[in-house]
1. Would you mind telling me which numbered condition in (1) part of a strand (DSSP E or B); (2) within 25 Å of Tyr249 (Cβ to Cβ) Glu139 fails?
2. Would the range 110-122 turn up any residue that is part of a helix (DSSP H, G or I), without any contact (Cβ under 8 Å) to a residue 60 or more places away in the chain and more than 16 Å from the chain's Cα centre (by Cα)?
3. Among the residues in the range 210-217, are any modelled with pLDDT under 95, within 23 Å of Leu87 (Cβ to Cβ) and hydrophobic (A, V, I, L, M, F, W, C)?
4. Got a sec? Which strands (runs of 3 or more DSSP E) wholly within the range 154-250 have at least 3 residues that are under 18 Å from Leu311 (Cα atoms) and either of a type in the set (Gly, Ala, Ser) or touching a residue at least 24 places away in the same chain (Cβ under 8 Å) (or both)?
5. Mind telling me which of the residues Ile165, Ile97, Ile111 ends up being out of contact with any helix residue (DSSP H, G or I) (no Cβ under 9 Å at 6 or more places or on another chain) and under 20 Å from Ala65 (Cα atoms)?
6. Within the range 26-58, take every residue that is closer than 29 Å to Gly94 by Cβ and in contact with a Phe, Trp or Tyr (Cβ under 7 Å, 6 or more places away or on another chain) and give me the one that is modelled with the highest pLDDT.
7. Taking only the range 307-342 into account, find how many residues are among the aliphatic types (A, V, I, L, M) and either over 11 Å from the mean Cα position of the chain (by Cα) or assigned to a loop (DSSP other than H, G, I, E, B) (or both).
Amino acid sequence: MTSSIVFKSFTGLRHSSQEHPKVLHSHTNPISAFPYRRFRIKASKSSPKLQNRNLRVAVIGGGPAGGSAAETLAKGGIETYLIERKLDNCKPCGGAIPLCMVGEFDLPLDIIDRRVTKMKMISPSNVAVDIGQTLKPHEYIGMVRREVLDDYLRERASTNGAKVINGLFLKMDIPKKGSENINSPYVLHYTEYDGKKGGTGERKTLEVDVVIGADGANSRVAKSIDAGDYDYAIAFQERIKIPDDKMVYYENLAEMYVGDDVSPDFYGWVFPKCDHVAVGTGTVTHKDYTSGSTPNTRTSSATKVVGRVALVGDAAGYVTKCSGEGIYFAAKSGRMCAEAIVEGSENGKRMVDESDLRKYLEKWDKTYWPTYKVLDVLQKVFYRSNPAREAFVEMCADEYVQKMTFDSYLYKTVVPGNPLEDLKLAINTIGSLVRANALRREMDKLSV
């Protein structure tokens, strides 16, 4: 019943109603949603050299954050372990990645299913605005399947020396506080699945010096260090197979839908993949909107570093508001955290401490805080009601808005605007909001 409701909400698929689509994959999952506090960075202490071994780091979680962290650590001379339970995980994720990620992370083009150069933004009243006119010939939004991307990043980490363990992280023993325990190991408890012990797996332990939690919104690593709570969103997605002649329509086109019928506070998407479309939606405020069995609401910000344990990706709450984007920021945070460890340990030769890990947070905050702030404001202004969403879609028709938006998204920077154009945009935005509210009042009169 859920799939039919979701399918019906996306008008872009109505042309295929005569031929029943095949649902390839349906899943609901929590995704951490919101950013972080700023931290005061302490001066780094001189750490002791390690004797007869290199620094040992465990990365818990094998998504984009974990895979990127493990690769960077292994390349940097760190003894690296990556623990992931679901090596074939198909996370309910739109799978859109910015152009800059392809270059920054040296991704092969054959793992990108589609290169989207056109996008339709559809308002609550089904007004469609075409977006993408400002893209340059070489620019596009990449569409990937998470199981393909994640596997590639893990395999690359393994090739560079990381040991990938198919296992379920259970808990960890944290060294007691005190100067005599400064170099004591973290003892990880996990169940390893190697195909030899059947479905139950084998309980094992692992001693490491540093732990990176890249295990998602319900992070067990975060719980182990009492990192605190944060808001999160719920995403629901289906992979729908449609006839080949209808699939041509989505060759390089993605659709985004806003409106209360799609989500009370987010948007719905139709993203093209290799031989199907991914149709999904999400919510922050209505946790029972997409599924009857979702976790309770989590509030406030989470601590990102405690001792020699750091959180990255969804575990750290690095999914953006408004856009819900998380893949690039997950991979980037994993890499930045690993780089801080490699640098602080002098390529694995020295022990690190909390101040070394907090340098990653300082760099993250400096680089991406403006992006998160802008998207937070946009969500508060334009996702609060259908009239506001109508104004948002109308605003997206402006080429200046499109250029600013795509440039910021594709290259992950807040692009400075033209003061005169910014003033015009502000005036047009106010006008759009006024017209949208006037339309709502007229519709309310007709319904009386």
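1. The failed condition is (1).
2. Step one: filter the range 110-122 for residues part of a helix (DSSP H, G or I), giving 110-111.
Okay, now just the ones that are also without any contact (Cβ under 8 Å) to a residue 60 or more places away in the chain, so 110-111.
Still in the running and more than 16 Å from the chain's Cα centre (by Cα): 110-111.
The answer is yes; a qualifying residue exists.
3. So in the range 210-217, the residues modelled with pLDDT under 95 come out as 216-217.
Right, trim to within 23 Å of Leu87 (Cβ to Cβ) and you get 216-217.
The next check asks that each one be hydrophobic (A, V, I, L, M, F, W, C); those that pass are 217.
Yes - at least one qualifying residue is present in the range 210-217.
4. Details: elements: 163-173, 186-192, 202-208, 210-213, 232-241.
Output list reads 163-173, 210-213.
5. Details: Ile97 fails: out of contact with any helix residue (DSSP H, G or I) (no Cβ under 9 Å at 6 or more places or on another chain); Ile111 fails: out of contact with any helix residue (DSSP H, G or I) (no Cβ under 9 Å at 6 or more places or on another chain).
Just a single option satisfies the conditions, and that option is Ile165.
6. So, considering only residues that are closer than 29 Å to Gly94 by Cβ and in contact with a Phe, Trp or Tyr (Cβ under 7 Å, 6 or more places away or on another chain), the one modelled with the highest pLDDT is Thr28.
7. Restricting attention to the range 307-342, the residues satisfying the condition of being among the aliphatic types (A, V, I, L, M) are 309-312, 315-316, 319, 327, 330-331, 336, 338, 340-342.
With either over 11 Å from the mean Cα position of the chain (by Cα) or assigned to a loop (DSSP other than H, G, I, E, B) (or both) added as a condition, the list becomes 309-312, 319, 336, 338, 340-342.
Residues flagged as among the aliphatic types (A, V, I, L, M) and either over 11 Å from the mean Cα position of the chain (by Cα) or assigned to a loop (DSSP other than H, G, I, E, B) (or both) within the range 307-342 amount to 10.
So that you can scan it fast, the table gives a plain yes or no per residue for (1) at pLDDT 85 or above; (2) surrounded by fewer than 18 Cβ atoms within 10 Å (Cβ to Cβ); (3) more than 21 Å from Gly313 (Cβ to Cβ):
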| position | (1), (2), (3) |
| --- | --- |
| Ala338 | yes, no, no |
| Lys363 | yes, yes, no |
| Val377 | no, yes, yes |
| Ala391 | yes, no, yes |
| Ala397 | yes, yes, yes |
| Val415 | no, yes, yes |
| Asn418 | no, yes, yes |
| Ile430 | no, yes, yes |
| Val448 | no, yes, yes |
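The values are calculated or read from the model by the stated rules, or taken from the named source; none is laboratory data. It should be emphasised that the depicted structure is a prediction, and the values quoted were computed from it without experimental measurement. Positions of Cβ are backbone-derived with ideal geometry, glycine not excepted, and every protein chain shown enters the neighbour counts.
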